[in-house]
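Contents: one structure, followed by commentary.
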Amino acid sequence: MMWKKVISMLLVAAMLAMPIGCGKDGNKDKDTTSGVETTDIGDDSAETDAPSKTPVPKEDKETKESDKDTDTENETDFSDDDYEPAQVTKKEYESMSAQDLIDRIKDVKNITEDEALALYSTYAYTNYTEDFYSREENITDEIADKLPNIMFAHEVRCANPDIAGVYVRHRELKTEQFVPLVNGRAVVQIFTENARIFLADALDNRYAMSIDYTLNKLLHLDHIAEKCYEKNKTNVLLLLYMYDKIEHFRQVNADTVDVLKRVYELDIVSEFQKRKIFSALLRYYFDNFEGDLLDEALESIDWENVNPGDRQQYIEYCAVRHCYKKAMDGIMSFGYEDIDAKRLLQISSDFFAQQKNEDSFMIKLAWHIFKSGKFDENVLRYICMFYNGSLADMVGIWKAAVGFNIDAKNLEERIIAQMVFTEEIIPESYSVFYSFYEHDSNRKLTSAFMKMLAYRYLVKNFELPEKLFDCFYQEVRKHENLPCLIAVLKYFSECKELTTDKINFADYNLNKLYSQGKIFPFFKDYYGKFPLPIHILDEHYVEYIADPKYEVKIHYLITSVKQDEGEYITEEMPDIFEGIRVKDFVMFQDEILKYYITEMRPEGEVETLRSSVHFDETMDNERAGSRFHNINMMLIAKEMNDDETLIEMMTDYATERENVKKCLSCYKFICGCMV
C-alpha cells in the first residue's frame, strides 16, 4: 500500500510539470518546472499588505460535499467503474511495484489530464496506515527530487465563465504567477502562508473577494519538507517554503542558515527580501563569532541596497571587525546620526589623519565627534585646520588643541579674523589673542584687532582685561597705532602707580597729542604724576561721543548765581577721535555752565543731551599756580569783602604779569640775535 502513494505523487508531479493550459492571450510563456506562468511586477514594495490567510470564498453545495469527502482521513471507497489510468487496473496496481507502473507508462510527461486527475482522485487522499515517510531511508533521491514539485500544489476551481485565470502573488518574489483556468480549474503553487490569490478576467481585471472560488491543497506532505531538503537543496519551491517557516518562527541557527544563503542567491527573490535575509545572516555571523564569514559579508555590502533601519547596525559590525573603509563608505553615503561617538572615532580616526583637504562632510563629522568629547589628536588636527563656527565653539577647539600641544596658529588667525569682522568678543577669546600676539604671524590682522578693542574701550566704554593694555603698550612702542596709544594713556591715567618708564612714556605722548590739538579730559588725571601743559588744568572739558558722520553742536550759556538768564552761544564740537567731541571752557567761582547738545541727523537737528555745571572752589584746586587760579581767588576775596587780601593778590598778579612780559622780551631778543 505504501508504494501507492509514491506512484500517485510521481504521476501528479509529472502532470504539474507539464503545461496545463494557455495564458489569457493564448501565447504566454510557461514555466516547465511548475506548470505556471510568471508576469514580472518588479520589486516587492508592499509586503505588509499581504493577508495572513488566503481567503476562501463561498462554495456551492456539491463542492462542499466533495471537499468533505476529499479531506477525510479514512481511505476512500471506490466502485468498479473507477478510472484505470494508463490501462492499470486497481487490482493490478496493488500487486505492482512503483517501477513496474512507471515502466507501463512510457510517456509520463504526456499523460492526459483526465488520467492524472483520475489517479489523483483514486489514490491521493488514501489513508495510509504505515508511517512510510517517517523513515528517512524511504525518502529516496528520486522522491526528494520529484515530491517538492507537487507538495505545494493547490487546485483552484471557479465556475464563473468570465474568469480567465488566476494570479498568485508571494511577497518573497519579484514576480507573480499566472495560471489560466481550463474547464474552470487551475493548479497553482502556494508555498508561503501569506500568498495572495486574485482571479482575473480576459481584460486583466483582478478580483480578490467578489467572485466565489474554491481552493484545495492537493497533498498534505509539508511535514516531510525538511527530509526532502536534506537530499534536494536546489528546489526553488522547497527553498522558499523553508524560508517562509524560518521567517514565521524567526529561527536563524546553524540548521537554517544554509537555507537563507541559498534563498539569498535566487534571482527571483525580491530585493526587499534579500535585504532581510542579508541582515539575518549578518546578525547570525556576529552573534555566533563567525568572523571570516562576517568579514566576507561586510565587504560585499552595497549601501544603496541597505534598509535604513539596518545601516547603523551594519556600521557597528564594520567597526567591530575593523572594516573601517566599508564603514566610512556607509557614513559618507547616509550620515552618522544615532551612531555612537566612540564608534565614529574608531572608524574615522585614520581617515582624518590622511585627509589634507577641506571637505564639508568631514568637517561636520569631526565637529560631531569633538562635541561628544570622544575625540583624538587626528580629529582635533583636522578640525583645527578647517572648522569655522561660532566664536565659543572655535575657542573651545583652540583650548583642546593647546591641551594636546597641537600647533593652532591657523585656527588662532581664523578666530581673530572672525572677531574683527563680527566684532563679537567673549572673555575666553583674549587668551587666543595673547597666544597669537606672541608669534604675530599676521601684522595687519594683529593691528586691526587691537585697534578695534581700543576703539570699543574709548568710544563704547568696553571693559578690557589688564593684560591687554600691556599688549597695547608693547604695540605702540614698536608701531604707530593711535587708538591703542590713546587707550593706553587713558588706562595709565587711572593707575595709582606707574613705573618710571611708563611715566616717561605717558609724559611724552600726552604732550605730543596736546600739540596736535587732541586734548582729552582724562589728561587732567595725570595731575601730580608729571607736569602738564598749563592750559589743561585751567579749563573745564565737556566730552560727548556721537557717530562721526553727524555734525554735533553745543549750545551753552555761562552765568553766575546772581545773574539772570542770557542768550545761548552755539559752537560746533570738533571731532578729535572717532566721534569723540571735546569742548573746553574757562570758569570761575560760582559760575554756572548751562548747555545742550544737538546732532544734525538725516531727519533734522535732534537734541540729545541737556546738562549744567556749577563751578566751585573744589574744582579750582588742581589749577593752583595758574593765572586763572589767581583770578578765581581774587573773585572769592571780593565776594567775601576782603579788600586787603584782594589788593594784595591784585598786586602780586600784576607784578607776575610784568615779569612774564620782560622774560618774553629777553627771549625774543636772544632769538633774534641768534638768527
| message | Considering all alpha-carbon pairs of the range 160-209, what whole percent are spaced by more than 12 angstrom? | response | 60 percent
| request: Using only Cα atoms, locate the centre of the range 139-200 and the centre of the range 478-555, then give the distance between them in Å, rounded to an integer. | output: 102 Å
| task | Can you tell me the equivalent ellipsoid semi-axes for the range 464-606? Use √(5λ) from the Cα gyration tensor, largest first, whole Å. | result | 32, 21, 11
| task | Assign unit charges at the C-beta atoms only (+1 for Lys and Arg, -1 for Asp and Glu), then state the dipole size of the range 266-418 relative to its Cα centre in Debye, rounded to the nearest 20. | result | 500 debye
| query | Rule-of-thumb check for the range 425-503: C-alpha Rg over 2.2 N^0.38 Å? | reply | 1.05
| remark: Expected sort for 399-407, 362-370 on mean C-beta neighbours within 10 Å, highest first, is 362-370, 399-407
| remark: Ranking THR446, ASN405, PRO465 by how far each Cα lies towards the positive end of the charge dipole of the range 399-491 (+1 on Lys and Arg Cβ, -1 on Asp and Glu Cβ), the top one is THR446
| request: Kindly rank 345-354, 207-216 from highest to lowest mean number of other beta carbons found within 10 Å of each residue. | output: 345-354, 207-216
| message | Taking a cut-off of 15 Å, what percent of all Cα-Cα pairs in the range 176-238 are separated by more than that? | response | 63 percent
| field | Exceeding the 27 Å Cα-Cα cut-off - candidates LYS146/LYS217; LYS399/LYS490; LYS276/LYS374; LYS146/LYS261; LYS409/LYS467 | value | LYS399/LYS490; LYS276/LYS374
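Values in this text are rule-based calculations from the coordinates and carry no lab data. Note that this is a predicted model, so its numbers are computed, not measured. Neighbour counts are summed over all protein chains in view; Cβ atoms, including those assigned to glycine, are modelled from backbone coordinates with ideal geometry.
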